[in-house]
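Take a look at the structure below.
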Ligand code: SF4
């Protein structure tokens, strides 16, 4: 069970059990005072809140150190340190230094844990952030980037992400990034206004992800760049905009994953395509 309530009370660091990490994940929240995100996904789990807590990398690093030490003393296995929190972490002005601090603490205290950033890609058009993420993903930090791609068509993107960033711009940046660094694609599959994604959307998403994988599979495969896996996940927790978004049957998600897997296998490309319902 994931429990993110602490971060809406201003926590900078919050341990959670995460289904996608398959264990204990220590979250880092760069937005303790309010949600900051250019997307407005109807399934978003961040409830409206404000606090007077301000972020500082020093305070975050202190809290992270003490949580990692406590978990270690209690014999818990920390699977990852994960930047997500109340919005899009790459848009925080503290993101680069906070990432550096978290990488240092990971190396010192939980060297086998992953360092993860969950992102919707909104920071990629910023060249500096693009470079920070790319270098961390390719460098000794071995940053794992879980990159959101919920739609294959402009129409579904408007429904499911309601983002201020044009779809073509975002897709272009995702393609560029995957050509230079490893990424894991994450896709939410759920109903919006009572309806599942239409068949043409499912087809377009599959083609987009397939092309993304194959397009970065040449030199990328050898140099460790490109798409390393696909995670399809369903709506599992309450959201403030319920019932605008609603869960679909697990079989619906599984059939999307199976269809992509078959297409990849036909092309001779084996890649994990996982479902988290
Ligand atoms: S991108 Fe993430 S934080 Fe932003 S609205 Fe969507 S689910 Fe919420």
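Does any residue of the stretch 93-112 turn out to be within 16 Å of the ligand (Cβ to nearest atom), closer than 30 Å to residue 241 by Cβ and either crowded, with 19+ Cβ neighbours inside 10 Å or at pLDDT below 95 (or both)?
Of the residues in the stretch 93-112, the ones within 16 Å of the ligand (Cβ to nearest atom) are 95.
Among the residues that remain, those that are also closer than 30 Å to residue 241 by Cβ are: 95.
After this cut, where a residue has to be either crowded, with 19+ Cβ neighbours inside 10 Å or at pLDDT below 95 (or both) as well, the list is 95.
Yes: one or more hits.
Just name the residue that is farthest from residue 106 (Cα to Cα) out of those in the stretch 19-38 that are within 15 Å of the ligand (Cβ to nearest atom) and assigned to a strand (DSSP E or B).
36
Evaluate the stretch 3-17: report whether one residue or more is under 15 Å from residue 236 (Cβ atoms), within 16 Å of the ligand (Cβ to nearest atom), at pLDDT below 95 and surrounded by 16 or more Cβ atoms within 10 Å (Cβ to Cβ). Give the steps one after another, and end with the answer.
Filtering the stretch 3-17 down to residues under 15 Å from residue 236 (Cβ atoms) leaves 3-4, 16-17.
Still in the list and also within 16 Å of the ligand (Cβ to nearest atom): 4, 16.
This time we only want the ones that are at pLDDT below 95, so: 4, 16.
Those still in the list that are surrounded by 16 or more Cβ atoms within 10 Å (Cβ to Cβ) too: 4, 16.
For the stretch 3-17, residues under 15 Å from residue 236 (Cβ atoms), within 16 Å of the ligand (Cβ to nearest atom), at pLDDT below 95 and surrounded by 16 or more Cβ atoms within 10 Å (Cβ to Cβ): present.
Test each condition in (1) within 21 Å of residue 277 (Cα to Cα); (2) touching a residue at least 12 places away in the same chain (Cβ under 8 Å) for residue 227 and report the one that comes out false.
(1)
Table: residues versus (1) over 29 Å from residue 163 (Cβ atoms); (2) in contact with a helix residue (DSSP H, G or I) (Cβ under 8 Å, 6 or more places away or on another chain).
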position	(1), (2)
76	yes, no
82	no, no
85	no, yes
89	no, yes
94	no, yes
98	no, yes
103	no, yes
109	yes, yes
112	yes, no
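In the stretch 113-143, how many residues are more than 29 Å from residue 191 (Cβ to Cβ), touching a strand residue (DSSP E or B) at 6+ places or on another chain (Cβ under 8 Å) and surrounded by 18 or more Cβ atoms within 10 Å (Cβ to Cβ)?
Adding up the residues that qualify gives 6.
Within the stretch 39-69, how many residues turn out to be touching a strand residue (DSSP E or B) at 6+ places or on another chain (Cβ under 9 Å) and within 16 Å of the ligand (Cβ to nearest atom)?
Result for the stretch 39-69: 6.
Could you identify the single residue in 255, 251 that is surrounded by 12 or more Cβ atoms within 10 Å (Cβ to Cβ), modelled with pLDDT of 95 or more, assigned to a helix (DSSP H, G or I) and out of contact with any strand residue (DSSP E or B) (no Cβ under 9 Å at 6 or more places or on another chain)? Please lay out each step first, then the result.
Details: 251 fails: surrounded by 12 or more Cβ atoms within 10 Å (Cβ to Cβ).
Of the residues listed, the single one that is surrounded by 12 or more Cβ atoms within 10 Å (Cβ to Cβ), modelled with pLDDT of 95 or more, assigned to a helix (DSSP H, G or I) and out of contact with any strand residue (DSSP E or B) (no Cβ under 9 Å at 6 or more places or on another chain) is 255.
Residue check, residue 130 against (1) within 17 Å of residue 215 (Cβ to Cβ); (2) touching a residue at least 24 places away in the same chain (Cβ under 8 Å); (3) more than 13 Å from the ligand (Cβ to nearest atom), all met but one. Which one?
(1)
Can you list the helices (runs of 4 or more DSSP H) found entirely within the stretch 150-219 that contain at least 1 residues being within 20 Å of residue 248 (Cβ to Cβ)? Reasoning before the result, please.
Numbers: elements: 154-160, 167-178, 199-215.
Counting at least 1 such residues, we get 154-160, 199-215.
Test of understanding: among 83, 167, which residue is within 15 Å of the ligand (Cβ to nearest atom) and surrounded by 21 or more Cβ atoms within 10 Å (Cβ to Cβ)?
Values: 167 fails: surrounded by 21 or more Cβ atoms within 10 Å (Cβ to Cβ).
Every option except 83 fails the conditions.
The values are calculated or read from the model by the stated rules, or taken from the named source; none is laboratory data. In this text the structure is predicted, and so the values were computed from the model without any measurement. Because the Cβ atoms are built from the backbone with ideal geometry, glycine has one as well, and the counts that use them run over all protein chains shown.
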